[in-house]
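Undergrad: Below: one structure in structure tokens.
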Amino acid sequence: MTYEILDRLNEILRSGSCAVLVTIVGVEGSSPARVGGKMLVTHDESLGTIGGGALEQAALREASEILISGRSQILEYKLSEDPVGNDATSIDMLCGGNVKVFFEYIPPRKRLYIWGGGHVGKALAGLMNESGFDITIIDNREVTRDSIRLDCRIVIDDYNSAMEGVSVNPGGYFVIATHEHEYDFTVLKRIYESKWEPAYIGMVASRKKREAIIDKLNVDLEEKPNIDLLYTPAGLDLGGNTPFEIALSIASEIIALSKSKIGHRHLRDL
């Protein structure tokens with residue numbers, strides 16, 4: 001059952017949803033629960049069991065609240081109809097034992113869409129893969145597929161139509177690093193015209209081209225674009241210019257923004 005829970009958890013996170021993993025971490029006295037017992041709870045389903053009965057029902061109610069609050073916690077349950085004077089919660093059961101339950105809130109994986117599977121794109125994917133992001137690399141060259149040795153989604157398609165009909169959850173992070181400036185702007189315009197609601201758009205470009213890019217966006221788009229989302233040149237000011245160093249600066253910027261950290265020197269602001 002543990003493997004089934006972990007497999008299902010991976011599916012849930014890849015779909016962009018959250019979950020609560022409920023685990024029995026302590027048992028004293030008589031109880032239907034066993035240490036290590038697990039139950040996975042989402043807004044729509046539960047999988048596994050921690051012993052059934054009133055304890056499990058109480059845990060399901062608590063997990064439902066944690067899905068909303070997003071805060072993990074450990075709770076102690078007294079399996080007795082007698083009230084207790086400590087921090088434990090009484091459950092009307094005849095067992096008489098004590099059970100500690102860990103409610104682990106697992107947020108949805110943040111999604112990163114890298115447009116361009118060249119040197120910078122592949123280096124960035126490798127860095128962000130270690131940070132727990134769900135990664136998709138989009139490129140219009142078939143040869144790119146064989147050059148990527150990472151656990152990520154690869155889409156080979158024309159930049160004008162790539163990701164059409166694909167569910168893209170709001171709040172994703174988008175990085176544009178194609179092999180031609182013409183493609184870069186094509187992708188940038190598509191992102192702004194889409195309903196994808198990105199949290200971040202990073203574009204590898206020179207400072208000199210930033211104003212020209214923004215001017216062209218204002219002309220080509222029917223609605224005024226939210227330029228606050230656009231980080232170009234993408235990345236923090238780390239001082240490097242190799243593909244890996246550029247990727248590292250972009251990865252640092254994404255992580256800083258995703259953690260709401262401020263005070264960094266963003267290249268777009270220099």
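Computed from the coordinates by the stated procedures, all read-outs in this text should not be read as laboratory data. All figures in this text were calculated on a predicted structure; none of them were measured in a lab. Virtual Cβ from ideal backbone geometry, glycine too; neighbours counted across all protein chains shown.
Undergrad: Using θ = phi - 60° and the Karplus form 6.51 cos²θ - 1.76 cosθ + 1.60, what ³J(HN,Hα) does each residue of the stretch 220-226 get, whole Hz, x for Gly and Pro?
TA: Using θ = phi - 60°, the values come out as 7, 8, 6, 9, 4, x, 7 Hz.
Undergrad: Which GluC sites (Glu not before Pro) in the stretch 129-194 pass both tests, a DSSP loop state and at most 16 other beta-carbon atoms within 10 Å?
TA: Taking the stretch 129-194 and a limit of 16 other Cβ atoms within 10 Å, the loop GluC sites (Glu not before Pro) found are E130, E142, E164, E180.
Undergrad: Name the residue from L150, Y183, L13 whose Cα lies farthest towards the positive end of the charge dipole of the chain, charges +1 on Cβ of Lys and Arg and -1 on Cβ of Asp and Glu.
TA: Y183
Undergrad: To the nearest 20 Debye, how big is the dipole of the stretch 4-54 about its Cα centre, given +1 on the beta carbon of each Lys and Arg and -1 on that of each Asp and Glu?
TA: About 100 debye.
Undergrad: Among S194, Y159, Y113, which residue has its Cα positioned farthest towards the positive end of the charge dipole of the stretch 111-269, with +1 placed on the Cβ of Lys and Arg, -1 on the Cβ of Asp and Glu, and the dipole taken about the Cα centre?
TA: Of the candidates, Y113 comes out farthest on the positive side.
Undergrad: Same structure again: Student exercise: in the chain, how many lysine pairs 8 or more apart or on different chains have Cα atoms under 12 Å apart?
TA: Taking the chain as the scope, the lysine pair count is 5.
Undergrad: Moving to a separate point now. Dipole magnitude of the stretch 111-269 about its Cα centre, charges +1 at Lys/Arg Cβ and -1 at Asp/Glu Cβ only, in debye to the nearest 20?
TA: 440
Undergrad: Name the most mobile residue of I148, I135, I213, meaning the one with the largest mean-square fluctuation, in a Gaussian network model of the chain with Cα contacts below 10 Å.
TA: Result for the chain, Cα springs under 10 Å: I213 fluctuates most.
Undergrad: With a/c under 1.5 counting as rounded, go ahead and sort the stretch 1-156 into rounded, prolate or oblate using the C-alpha gyration tensor (a ≥ b ≥ c being the square roots of the eigenvalues; past the cut-off, prolate if a/b is larger than b/c, else oblate).
TA: Because a/c hits 1.5 or more and a/b exceeds b/c, the stretch 1-156 counts as prolate.
Undergrad: Assigning unit charges at the beta carbon (Lys, Arg +1; Asp, Glu -1) and nothing else, what dipole magnitude in debye, to the nearest 20, does the chain show about its Cα centre?
TA: 720
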